[in-house]
Amino acid sequence: NIEDNWIQTAKLTASDGDINDYFGYGVAIEDDAIAISAPYDDNEQAGGAGGIYLFHKINGVWLETQKLMANEISSAAHLGMSMSFEGSRIIANAPDEFPNAVYVFEKSDGKWNQTARIIDPEPGSGEFGYRLASSDSRLFASKPFTQNGIIYTYIQEATGDWILETILQSDEISEDLG
């Protein structure tokens, strides 16, 4: 923003991008880092599995620094339709995988790696991980398309494992909670 006018200062693109990858479908920002999803990316894991591109601002220039892909994901899972980025953790859903899953990526020694795959505790309905949030050692995953809507809260143990802590559910019947 310069004198109340917005100007483009950078254009971010995927190094291996294709027009049908839907690059930019999800965007999450943390300080001088941006995670951008391409949920229809055909990568080494599977066609349409999806990927997440990390960009860091280095010496005033945005550079692609890493591409995140889930280790065990099915074709057309569409990783990154929803994402959350907090500190050294990125969480992303795979809404078209069965059962639905949420993937956790964490930064250690300067490199991002998948550290967890959290499976829908009640598969079959509701799109687990439709919206995601994390804070410290907690992860929140919504499942709005159930009769009452559900929020699952997970806590990360010292071992790094994610344990289901609480299930929050609306008292009122709603098909559009989330």
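Which of (1) of a type outside the set (A, V, I, L, M, F, W, C); (2) in contact (Cβ under 8 Å) with a residue 24 or more places away in the chain; (3) open to solvent by less than 70 Å² (accessible area, probe 1.4 Å); (4) not in a loop (DSSP other than H, G, I, E, B) is the odd one out, the single condition E165 does not satisfy?
(3)
Provide a single number: the residues in region 43-63 that are part of a strand (DSSP E or B) and either within 14 Å of the chain's Cα centre (by Cα) or without any contact (Cβ under 8 Å) to a residue 40 or more places away in the chain (or both).
8
Among the residues of region 106-140, which ones are basic (K, R) and over 17 Å from W162 (Cα atoms)?
The answer is K111, R131.
Looking for something within 21 Å of L54 (Cβ to Cβ) and aromatic (F, W, Y) - is there at least one such residue anywhere in region 92-106?
So far as region 92-106 goes, yes, one or more of its residues are within 21 Å of L54 (Cβ to Cβ) and aromatic (F, W, Y).
Taking A28 as the residue in question, decide whether it is within 23 Å of S125 (Cβ to Cβ) and of a type in the set (A, V, I, L, M).
no
List, please: which pairs have Cβ atoms under 8 Å, are six or more places apart or on different chains, and start with a residue in region 30-42 that is at pLDDT 95 or above and open to solvent by less than 20 Å² (accessible area, probe 1.4 Å) and end with one that is hydroxyl-bearing (S, T, Y) and in a strand (DSSP E or B)?
Pairs that qualify, where the first residue is at pLDDT 95 or above and open to solvent by less than 20 Å² (accessible area, probe 1.4 Å) and the partner is hydroxyl-bearing (S, T, Y) and in a strand (DSSP E or B), are A35/Y53; I36/Y53; S37/Y53; A38/Y53.
Could you check D21 against (1) closer than 14 Å to M83 by Cα; (2) surrounded by 19 or more Cβ atoms within 10 Å (Cβ to Cβ) and say which number it fails?
That leaves (1) as the condition not met.
With the checklist (1) at pLDDT 95 or above; (2) not in a loop (DSSP other than H, G, I, E, B) in hand, flag the one item N20 doesn't pass.
Every listed condition holds for N20 apart from (1).
If the Cβ limit is 7 Å and pairs must be 6+ apart or interchain, which residue in region 67-78 that is of a type in the set (V, I, T) pairs with which residue that is surrounded by 22 or more Cβ atoms within 10 Å (Cβ to Cβ)?
Here the result reads I73/A49; I73/L79; I73/A94; I73/E97, each pair linking region 67-78 to a residue that is surrounded by 22 or more Cβ atoms within 10 Å (Cβ to Cβ).
The values are calculated or read from the model by the stated rules, or taken from the named source; none is laboratory data. On a predicted model such as this, the values are computed, not experimentally measured, just so you know. In this analysis, Cβ positions are derived from the backbone assuming ideal geometry, glycine residues included, and neighbour counts consider all displayed protein chains. Quick note on the areas: whole protein, heavy atoms, side chains included, nothing else; ligands and nucleic acids left out. Shrake-Rupley method; radii C 1.70, N 1.55, O 1.52, S 1.80 Å.
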